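Asker: Quick one: the structure is below, questions incoming.
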Amino acid sequence: MYPKGFDRVVFTAEEISSRVRELGAQITVDLRQDPGNTLAVIGMLKGGFIFLADLIRAIELDLTVDFMAISSYGGASASSGGVRIVKDLSESIFERDVLIVEDIVDTGLTLSYILRNLRERGPRELKVCTLLNRTARRIAPLQIDYSGFEIGEEFLVGYGLDHLQMSRNLRYICTVRGVGP
Ligand code: PRP
């Protein structure tokens, strides 16, 4: 299945799957828990849900899953700086080890807002895992603990990433013509 305007596959399903397994193994080693401590994995909707579903099955630790969604004011991009929570967590993260899962970190403004917000809730530890990292466009300085792939300026869709809300269900990640720089 190819989306309208399909251009080029950037990451195949096999490449993604292999990298997700590596990330899961690394996270398993790094975040090995004290007995009785359960990792809180937080997925950022919508784009992160497919990556999260695969990643948690590659992490061999006791964990819970929760989701959060944020939106930019007035439909503007996060680079305008105005973001708000449209779906908050269901569970407390107080004194929990937390892993935030994103599909992509671009300017970093969304994630820096989320980190500021979640830090105020008193987690024991706050780590970030993103599938795609576009450091060339970073505005907000951030520490990314786990990153799947470094990417360039191209606009990417698939494996959770959308174009006009479509193409999230592609098993691979690709470029489409006429979008992006
Ligand atoms: C994407 C992604 C991040 C944000 C990153 O979400 O999931 O949340 O953009 O961009 P930034 O680093 O420049 O702030 P998007 O707004 O595309 O929404 P979606 O997850 O619902 O597709």
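Asker: Looking at region 1-96 only, what percent of DSSP beta bridges run antiparallel? Nearest 5 please.
Answerer: 35
Asker: Next up: Give me the one-decimal nm value for the distance between modelled label points at residue 116 and residue 53, 7 Å along each residue's Cα-to-Cβ direction.
Answerer: Simple spin-label model gives 3.3 nm for this pair.
Asker: Sticking with this one: Amide H of residue 100: which non-local residues (sequence gap of 5 or more, or other chain) have their own amide H closer than 5 Å, using H built in the peptide plane?
Answerer: 42, 127, 128, 129
Asker: Tell me the chymotrypsin sites (Phe, Trp or Tyr not before Pro) within region 48-138 that lie in a loop according to DSSP and have at most 12 other beta-carbon atoms within 10 Å.
Answerer: The qualifying sites are 94.
Asker: Rounded if a/c is under 1.5, else prolate if a/b beats b/c, else oblate: with a ≥ b ≥ c from the C-alpha gyration tensor eigenvalues square-rooted, which is the chain?
Answerer: oblate
Asker: Further, regarding this structure: For region 110-153, which GluC sites (Glu not before Pro) pass both filters: DSSP loop (anything but H, G, I, E, B) and at most 12 other C-beta atoms within 10 Å?
Answerer: 120, 153
Asker: Here's something else I'd like to know. GluC sites (Glu not before Pro) within region 1-95: which are DSSP loop residues with at most 14 other Cβ atoms inside 10 Å?
Answerer: Within region 1-95, the qualifying GluC sites (Glu not before Pro) (loop, at most 14 other Cβ atoms within 10 Å) are 60, 91, 95.
Asker: Next question, about the same structure. Taking the DSSP beta bridges in region 14-152 as the whole, what percent of them are antiparallel, to the nearest 5?
Answerer: If I count the DSSP bridges inside region 14-152, around 15 percent turn out antiparallel.
Asker: Starting from 0.36 nm per residue, how many nanometres of slack lie between residue 95 and residue 69 once their C-alpha separation is accounted for?
Answerer: Value of the extension gain: 7.2 nm.
Asker: Follow-up question, since we're still on this one. For residue 124 and residue 162, calculate 0.36 nm times their separation in residues minus their Cα-Cα distance, and state this gained length in nm to one decimal.
Answerer: Gain in length upon complete extension: 10.4 nm.
Asker: Normalised by the residues of region 14-152, what does the relative contact order come to in percent, with Cα pairs under 8 Å and at least six apart?
Answerer: Across region 14-152, relative contact order equals 22 percent.
Coordinate-derived values only; no laboratory data. Keep in mind that this is a model prediction, so the values were computed, not measured. So basically every Cβ, Gly included, is an ideal-geometry build from the backbone, and we count neighbours across all protein chains shown.
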